[in-house]
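The values are calculated or read from the model by the stated rules, or taken from the named source; none is laboratory data. Keep in mind that this is a model prediction, so the values were computed, not measured. Positions of Cβ are generated from backbone atoms using ideal geometry, with glycine treated the same way; all protein chains shown enter the neighbour counts.
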Amino acid sequence: MDTRRLELLLALSRLGSMRAVADAHHLTTSTVSQQIAALARDTGAALIEPEGRRVRLTPAGKRLADHAVTILAAVDRARLDLDPDAEPAGTVRVGGFATGIRVSLLPIVADLAVRYPEVDVVISEYEPVEAFKLLTADDLDLALTYDYNLAPASPGADLDAVPLWSIGWGLGVPSGTAADRGLMTFADSTWIVNSRNTADETAVRTLASLAGFTPTIAHQIDSLDLVEDLIVAGFGVGLLPLGRPTSPGVTVLPLQNPDVTLTAYAVTRRGRSAWSPLRAILDRMRPPAGLLQHPTWPRPEAAVANQSA
């Protein structure tokens, strides 16, 4: 069974059209059609069927596409394992959320540069959903992502996620605000959520629903510093990490029943973590077995400001 044909079938299951597969793999539509037809002959099963002017996978085609994820991952792993002891060398493309990069990647890059001078790291900032798509398309080697216990992420069957650390989150409010009715105190407040990841909003809506109200969400902000500025300026309230030094004028109230916990992950394509440059990075990021770290939040300027306030 030709693995290249399996790659095209898997791409068809994700992209939905022969033309899209052809464009993604720099082939003609005719070539893609011929390769899928050859795969059908190899397997002795009809893999596609017409749907109007397009095609769709048959039940057999869908099952084979599911198998293709495991097969292609195993092929990748086999290629990498041909020389598992090779000195790490190459460019590792890392994408992730800003704090994940600060907490998990930046502290180890100096040591990596000394130990493995042939390893280059290229860093880009992405929210989890963006990073998952780039990993699946093989445009990233490593993603640093996160989710909340109230809004778990779904990386996909072709991705592997390793938990790195976790931290509790609370509700950021103007200093001096009395929460005498619990979360219901803020039922009439405007809420601030992330603009590029829906997990933040899902967690807020879940908390509000359990408390008995529907939140008014008006502001979508990526930067936690800017979230704080909006809170101080009276634009609303929003989720912020517990233990993170805050700007003067902001207090983070603990949340209970339920609490809110953010967990950070290192995510790779299945079968790729054995690649020596990537393995060198992952080995330094992973916490001891069964022990999730609780990192110090990387915001020293706020800590200095609070001490002088």
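Output the residues belonging to the stretch 201-222 that are in contact with a helix residue (DSSP H, G or I) (Cβ under 8 Å, 6 or more places away or on another chain) and of a type in the set (Ser, Thr, Tyr).
Residue satisfying the conditions is THR214 alone.
Can GLY243 be described as at pLDDT below 95, on the phi > 0 side of the Ramachandran plot and under 21 Å from the mean Cα position of the chain (by Cα)?
No.
Anything in the stretch 141-153 that is modelled with pLDDT under 95 and among the aliphatic types (A, V, I, L, M)? List them, or say none.
Across the stretch 141-153, the qualifying residues are LEU150, ALA151, ALA153.
Quick check: is even one residue across the stretch 130-140 surrounded by fewer than 18 Cβ atoms within 10 Å (Cβ to Cβ), in contact (Cβ under 8 Å) with a residue 40 or more places away in the chain and in contact with a Ser or Thr (Cβ under 9 Å, 6 or more places away or on another chain)?
no
Name every residue in the stretch 178-187 that is touching a residue at least 40 places away in the same chain (Cβ under 8 Å) and either acidic (Asp, Glu) or touching a Ser or Thr at 6+ places or on another chain (Cβ under 7 Å) (or both), in order of residue number.
ALA179
Within the stretch 84-97, restricting attention to residues that are at pLDDT 90 or above and not β-branched (Val, Ile, Thr), which residue is surrounded by the fewest Cβ atoms within 10 Å (Cβ to Cβ)?
Result: ARG93.
Among the residues of the stretch 197-213, what is the count of those that are farther than 14 Å from ASN257 by Cβ and buried (at least 18 other Cβ atoms within 10 Å of the Cβ)?
So the answer is 7.
Scanning the stretch 177-203 for residues that are assigned to a loop (DSSP other than H, G, I, E, B) and polar (S, T, N, Q), which turns out farthest from GLY96 (Cα to Cα)?
Among them, the one singled out is THR177.
Please verify whether the stretch 156-173 includes one or more residues that are without any contact (Cβ under 8 Å) to a residue 40 or more places away in the chain, in a loop (DSSP other than H, G, I, E, B) and surrounded by fewer than 16 Cβ atoms within 10 Å (Cβ to Cβ).
Looking through the stretch 156-173, none of the residues is without any contact (Cβ under 8 Å) to a residue 40 or more places away in the chain, in a loop (DSSP other than H, G, I, E, B) and surrounded by fewer than 16 Cβ atoms within 10 Å (Cβ to Cβ).
Only one of these conditions is not met by LEU134: (1) among the aliphatic types (A, V, I, L, M); (2) within 11 Å of the chain's Cα centre (by Cα); (3) assigned to a loop (DSSP other than H, G, I, E, B). Which number is it?
For LEU134, the exception is condition (3).
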